[in-house]
Amino acid sequence: MAGDSIGDVGLLTVAIVIIGTVIMSKSKSSVSKKEVVKQGSYGKVIIHKDSLIRQLLRPSEVMAMIRCKMMKKNGKTTSGLAYGAESLGNSAEDIKFCEEKLAQVSRSFALVITFLPNSAEAPLRLGVAIFYLVLRALDTVEDDMNLEKFKPFVSPEEKCSGGKYLLRTKENLLRTFHERFDDQKRSKRVKISGLGEGHELELLDNYDIIVRVFETLPAAMREVICDITNEMGNGMADYVARDLRNGTVDDADFSKYCHIVAGTVGDGLTRLFAASGLESSDLVKKVNLWDSMGELLQRTNIIRDYLEDFEDGRAFWPESVWKVYTEKEDLGELRLSRFIDSGKSVACLNHMIADALELVPAVLEYLENIHEPSILSFCALPQVMAISTLGKCYNNKDVFTGVVKLRKGLSAKILLAFAPTNTPFTEDRLRASYKLWFLREVMDIQKTAKAMQKNDPTSSRVIASAEKIKTCLSR
């Protein structure tokens, strides 16, 4: 991008001056990361990221990082989860726990959620935060692959059933997780503790706090959160007993899983927006649109996290896709040097991205139906991150040797483009912003696809999708 060239001596000077600060903060964060335990293979494979020098050669991104840090330090009084909804009566300790856990388990979501409005009548910011924390707690149960940890929750009936009774116990915890919102049903169940690692474990161990705050939300919001938790928990239980070392069966199976763990989130958020009175309830009926919002994010994560998921023994790339590019019935072949060097691994990756890009027009249509600036900002930002990640992963063999990450400076720049601190914070400005970001990434992907059209079997599909997306953006 033109704005990233070094033409401003002042900006370059700033970048050089802060190099020591960046290095120090980098080393401190690496120490703290060692102390934080994560579930599965997260953080245990190589992370491919740009060098510090390459980051500093983009001074506009460096400045964006500085501004983001300042936002985090200075925005606490007006960005708290209870701000504007104090009359709901939540204790300061409960809100503080929710804010801390949100920051610890959600990466960038903790800041993004502060974009949403809040009031006692429509506490959307608080409602979405609790929705996220509930689903993260549920996800922690699903992600814990150590079945020995589930022994404290085994019922007499499950133990007497013989065989894989611990797996059935895990399935039952997922299917009944939503019942923990109900006082009577919750009192009859063993408190969930000891599952997950690090901050996720702390979240589950103190889940009663989340439930207390949940109970202060308006009835319409509570109903949405409970419904989606029920649907997601049952869907997760359907997959948890399956052998997913070699991924899902086909694209339909893959899409179904993405709906369960992400499409349902799109459903829940859309219903919460409508319940707040800030968006039309008509959007709730447009299933393909909100489902695509969640599915694009989930497909992007699964594409990027190929190696992490494979090492964890629970992968999701569909067999119907990867078997086209491998010799044996083994998804792990894609990470082998001879498959990477031959181009087969990258061809499979590009196939996955070609499938994901077909969801973008529906995502753009969903965004066109959002009109409240704060909600549009909240919805558009992760989608821009997703298309940028797909752009970074496209035709990139690093996906098979580690996890490909966006530059922190680029992420900060994207975040600032949608932050409510920017003025004017209007629907028109936000719409122009996300369209510009999408257009840039899609044109870059299309350019790469055209350059290898003779050698890549899905490049024509990518080029066609890019044209369709550009048409949507021009409306």
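Structure notes:
- Residue-by-residue Karplus 3J(HN,Hα) for the range 430-443, coefficients 6.51, -1.76, 1.60, Hz, glycine and proline x: 5, 5, 4, 5, 5, 5, 5, 4, 4, 4, 4, 5, 5, 5
- With all protein chains in place and a 1.4 Å probe, the accessible surface of the chain carries 54 percent carbon and sulfur.
- Karplus-derived HN-Hα couplings along the range 199-213 (A = 6.51, B = -1.76, C = 1.60, θ = phi - 60°), whole Hz, x at Gly and Pro: 5, 5, 4, 4, 4, 5, 4, 10, 4, 4, 5, 4, 5, 4, 5
- Extension gain for residue 358 to residue 464 (0.36 nm times residue separation, less C-alpha to C-alpha distance): 37.2 nm.
- Option label - Cα Rg over 2.2 N^0.38 Å computed here, alternatives [x] 0.98; [y] 1.24; [z] 1.14: [x]
- The range 214-281: trypsin sites (Lys or Arg not before Pro) falling in loop per DSSP and having at most 15 other Cβ within 10 Å: 242, 245
- Sparsely packed loop sites in the range 290-364 (the GluC sites (Glu not before Pro) outside DSSP H, G, I, E and B with at most 13 other Cβ atoms within 10 Å) comprise 327, 329.
- The separation of the range 185-249 from the range 366-388, counted between C-alpha centres, amounts to 26 Å.
- In order through the range 328-341: 3J(HN,Hα) via Karplus (6.51 cos²θ - 1.76 cosθ + 1.60), integer Hz, x for Gly, Pro: 10, 7, 9, 4, x, 4, 4, 8, 7, 4, 5, 6, 5, 5
- Residues in the range 420-457 that a label on residue 475 would reach, taking backbone N under 20 Å of a point 7 Å out along Cα→Cβ: 427-443
- A Stokes-Einstein calculation at 10 °C with viscosity 1.306 mPa s, built on the Kirkwood radius of the range 175-296 over Cα pairs, returns a diffusion coefficient of 98 µm²/s.
- Between residue 455 and residue 371, the modelled labels are 5.0 nm apart [label points 7 Å from Cα along Cα→Cβ].
- Placing R0 at 35 angstrom, the Cβ-Cβ distance between residue 330 and residue 155 gives a FRET efficiency of 0.40 after rounding to 0.05.
- Long-range amide H partners of residue 48 with built H, under 5 Å: 403, 404, 405
- Probe 1.4 Å, accessible area per residue of the chain, Å²: 45
- Each Lys or Arg adds one and each Asp or Glu takes one away; over the other residues whose Cβ falls under 12 Å from the Cβ of residue 388, this sums to +4.
- About the centre of its Cα atoms, the range 349-475 shows a dipole size close to 520 debye [charges on the beta carbon of Lys, Arg (+1) and Asp, Glu (-1) only; nearest 20 debye].
- Theoretical ellipticity at 222 nm over the chain - DSSP helices of four or more residues, -39500 (n - 2.57) apiece, nearest 500: -19000 deg cm²/dmol
- Subset of 164/397; 149/413; 392/454; 170/256; 69/285 violating a 30 Å alpha-carbon distance limit: 164/397; 149/413; 69/285
The values are calculated or read from the model by the stated rules, or taken from the named source; none is laboratory data. Here the structure is a predicted model, which is why all the values come from computation and not from measurement. No Cβ is skipped: glycine too gets one built from the backbone with ideal geometry, and neighbour counts run over all protein chains shown. Only protein heavy atoms, including side chains, enter the accessible area calculation; ligands, DNA and RNA are left aside. Shrake-Rupley method; radii C 1.70, N 1.55, O 1.52, S 1.80 Å.
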